[in-house]
1. Which of the GluC sites (Glu not before Pro) found in the range 40-81 are in a DSSP loop and have at most 15 neighbouring Cβ atoms, other than their own, within 10 Å?
2. Viscosity 1.002 mPa s, temperature 20 °C: Stokes-Einstein D of the range 72-128 from its Kirkwood Cα radius, in µm² per second?
3. Go ahead and run the numbers for FRET between Met144 and Arg186, Cβ-Cβ distance against an R0 of 22 Å, rounding to 0.05.
4. Could you work out the relative contact order of the chain, using alpha carbon pairs under 8 angstrom and six or more residues apart, expressed as a whole percent?
5. List the chymotrypsin sites (Phe, Trp or Tyr not before Pro) in the range 75-176 that DSSP assigns to loop (not H, G, I, E or B) and whose Cβ has at most 12 other Cβ atoms within 10 Å. Which are they?
6. So if I place +1 on the C-beta of Lys and Arg and -1 on the C-beta of Asp and Glu, and nothing else carries charge, what would the dipole magnitude of the chain be about its Cα centre? I want it in debye, nearest 20.
7. Of the trypsin sites (Lys or Arg not before Pro) in the range 16-122, which ones lie in a loop per DSSP and count no more than 14 other C-beta atoms within 10 Å?
8. How far apart, in nm, are the 7 Å Cα→Cβ label points at Leu178 and Asn61?
Amino acid sequence: MKNLTLLILLFPILLFSQNKEVRKINCDSIFNQKGYSVSLEFDPKDEIILNVLFTFSKTTNGKEKIIHQEKLHSQFQNVEFIDFNGDGIKDILVENISDVRSNLTYNLFIVDLKNEKLRKIEGFNAIKNPNYLEKYDLIDCLVMSGKNWTRFYKIEGNKIKDFGYLIKDGEDENGKDLEYDKNYERTLEKILKSEKQKK
């Protein structure tokens, strides 16, 4: 290892070896259990589509057990920890891409510490600026665009459900206010009503 650096954000360890960059994050404080870690190994020689090796592992008595390992695309190799299914355990978001308006997308892995496994949510990386609404167990987003807009989603099994509503912000072609806040609340009420009827 040619260099060893501690970064302030989540105290990841950055290792450089044979032109590969490995960012390793100790997750003891994140999951309130010892031994868990996340690493992203970036190889500039890798293909552009899948440029990092994501690994979630646990070390016990000096032995590392790989719980999940997968090649992903990550533009900036950033990791965030946010609960996205309301179980009180922070899940793992690996940054995917940022568009020209700096709208971010992520790969989402739901963390199951009891069974020591991760569950990747298909389609989540299509959601720009995802935000978890814990009170309703829903996901919304606010996307910066010519006209900013919002959509609603839900995790169902291993996939994302898109409710199909698009709420625009700003004014229409005639300069009339699109009443974003009112439309947001009305749409949320519709979704909650339809979800309640399904139960």
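Any read-out appearing in this document is the output of simple, stated calculations on the displayed coordinates, not a laboratory observation. Keep in mind that what you see is a predicted model, and the values were worked out from it rather than measured. For neighbour counting, all protein chains shown are included, and Cβ atoms are generated from backbone atoms with ideal geometry for every residue, glycine included.
1. Hits after loop and neighbour filter: Glu47.
2. The estimated diffusion coefficient comes to 182 µm²/s.
3. Taking R0 as 22 Å, the efficiency between Met144 and Arg186 is 0.45.
4. With pairs under 8 Å counted, the relative contact order is 9 percent.
5. Phe76
6. Using Cβ point charges on Lys, Arg, Asp and Glu, the chain gives about 660 debye.
7. Here the sparse-neighbourhood loop sites are Lys34, Lys45, Arg101, Lys114.
8. Each label point lies 7 Å from its Cα, and together they span 6.0 nm.
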